[in-house]
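The values are calculated or read from the model by the stated rules, or taken from the named source; none is laboratory data. The model shown is predicted, which means the values in this text are computed figures rather than measured ones. Here the Cβ is made from the backbone with ideal geometry for all residues, glycine too, and neighbour counts use every protein chain on show.
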Amino acid sequence: MSLRRCSQWHHHTRLTVIPGDWMNKYVLFAGYGRGQAIALKTFNADFDGDQMAVHLPLSVEAQAEAHILMLSTHNIFSPANGSPVISASQDIVLGVYFITFCFDDASELDDAKLKAMLEERGEADRPWRFKDRHEAILAYESGKIDIHDLISVRMPEFNEVVTKERGLPKAMPDHRRVVTTVGRVLFADIVQPGMPFYNCALGKKGCSRVIDDVYRYCGRPATINLLDDMKSIGFKQSTIAGLSFGVADMRIPEEKKDLLDAAQKRVNRVEKNYDNGIITERERYNQLLDLWSHCNEELTKTLVETLKQDRRNPDGTEAPITEDVKSRYLNPVYMMADSGARGNITQMKQLAGMRGLMAKPSGEIIETPIRAN
């Protein structure tokens, strides 16, 4: 049978699913249509009242067309640009990003550097060197290490390693030992044989890259299995993480006042030049817009760095952003935006930075910005 959604007046999206097939999980539950999270992008569907029709092909010709052309497993990639049209989103991306996140750049470390780093931080007593993936996962499940702790583990199953989300695979060291985290080892469990080991944080683009890779390395059947496994691990880990955020997670940068004061001094200088007749009204207007736009950009960069390097006291209050690694805080607002799961830098800037320049109903930009958030 096939599912059809009328997205626009003359545009229909239609896919075929076979009862019992993996895509059939989003068809009928207790009389309601349930959208599979990784297939919703295909239909451009959301849950605000969208309706879909179920068609049953009766003739031999209709069944052949459904099997050959419209089968969901034949339409993983967009014909427009070749990117995966069935991909991870929102909670799935958040869960995958959470387990693959690391505060430090693990790809730059080896056993000697990791040992020195742990001794410097006073963490040399915890286990950090493991013979294989299973031993590392056992230590995590036993509560000996945290999901984001740096470890050294042998990965004999992999011949290549990816150290950047969009980077090229590199050859695995001869001893097959890499510095990574338990979360990345957990993600490696769903990766198909023959694929590289992903030793980097994987956001929305990273998940799409993994789908591209599994199709190139292993073919279509393996791609279907990985999509289902990615959905499962993403939902599970985002649930276990208990990720949420409150108003305290929108940390206002300490440098905000200094940036605004410096911008105001330059604005006063422009106003003085205008009063003395050195510049015209149009030049004054354009310079003011440039000054406040630049101030807004600098504040946004500072905000992103503040959330990325966030530090918290044991009671949850803000701590100074220093080199003290024991108070590091994985800010959920930064994680949601950086992973591509939900939100963006502009929204973060308006909540914790400044609203910035606004426009009149006529479309003209007001030269005085809103400094508050």
Checklist entry - Only one residue in 123, 119 is more than 30 Å from residue 223 (Cα to Cα), acidic (Asp, Glu) and either touching a helix residue (DSSP H, G or I) at 6+ places or on another chain (Cβ under 6 Å) or not in a loop (DSSP other than H, G, I, E, B) (or both), so which one is that? => result 119
Checklist entry - Which one is farthest from residue 166 (Cα to Cα) among residues in segment 178-215 that are part of a helix (DSSP H, G or I) and among the small types (Gly, Ala, Ser)? => result 183
Next on the checklist: Out of 91, 104, 110, I need the residue that is out of contact with any Pro (no Cβ under 8 Å at 6 or more places or on another chain), under 25 Å from residue 229 (Cβ atoms) and modelled with pLDDT of 80 or more. Which one?
Outcome noted: 91
Checklist outcome for this item: Cβ pairs under 8 Å, 6+ apart or interchain, first in segment 279-291 and touching a residue at least 60 places away in the same chain (Cβ under 8 Å) and under 10 Å from residue 367 (Cβ atoms), second among the aliphatic types (A, V, I, L, M) and assigned to a helix (DSSP H, G or I), ordered by first then second residue, are 288/267; 288/270
Next on the checklist: Being among the small types (Gly, Ala, Ser), loosely packed, with under 12 Cβ neighbours inside 10 Å and either touching an Asp or Glu at 6+ places or on another chain (Cβ under 9 Å) or free of Cβ contacts under 8 Å to residues at least 40 places away in the same chain (or both) is the requirement here; does residue 112 meet it?
Outcome noted: yes
Checklist entry - Going by the conditions given, is residue 152 surrounded by 15 or more Cβ atoms within 10 Å (Cβ to Cβ) and either under 17 Å from residue 187 (Cβ atoms) or touching a Gly at 6+ places or on another chain (Cβ under 9 Å) (or both)? => result no
Checklist entry - Does residue 251 satisfy being basic (Lys, Arg) and either outside any helix (DSSP H, G or I) or surrounded by fewer than 13 Cβ atoms within 10 Å (Cβ to Cβ) (or both)? => result yes
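Among the residues of segment 241-263, how many are over 18 Å from residue 300 (Cβ atoms) and without any contact (Cβ under 8 Å) to a residue 60 or more places away in the chain? Lay out the reasoning, then the answer.
Here is the first cut: in segment 241-263, the ones over 18 Å from residue 300 (Cβ atoms) are 241-248.
Filter once more, so that each one left must be without any contact (Cβ under 8 Å) to a residue 60 or more places away in the chain: 242, 246-247.
The qualifying residues number 3.
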Checklist entry - Consider residue 315 against the criteria (1) in a loop (DSSP other than H, G, I, E, B); (2) surrounded by 14 or more Cβ atoms within 10 Å (Cβ to Cβ): it satisfies all of them except one. Which criterion is unmet? => result (2)
Checklist entry - Taking residue 347 and the conditions (1) crowded, with 19+ Cβ neighbours inside 10 Å; (2) over 30 Å from residue 146 (Cα atoms), which numbered condition does it fall short on, given that it satisfies the others? => result (1)
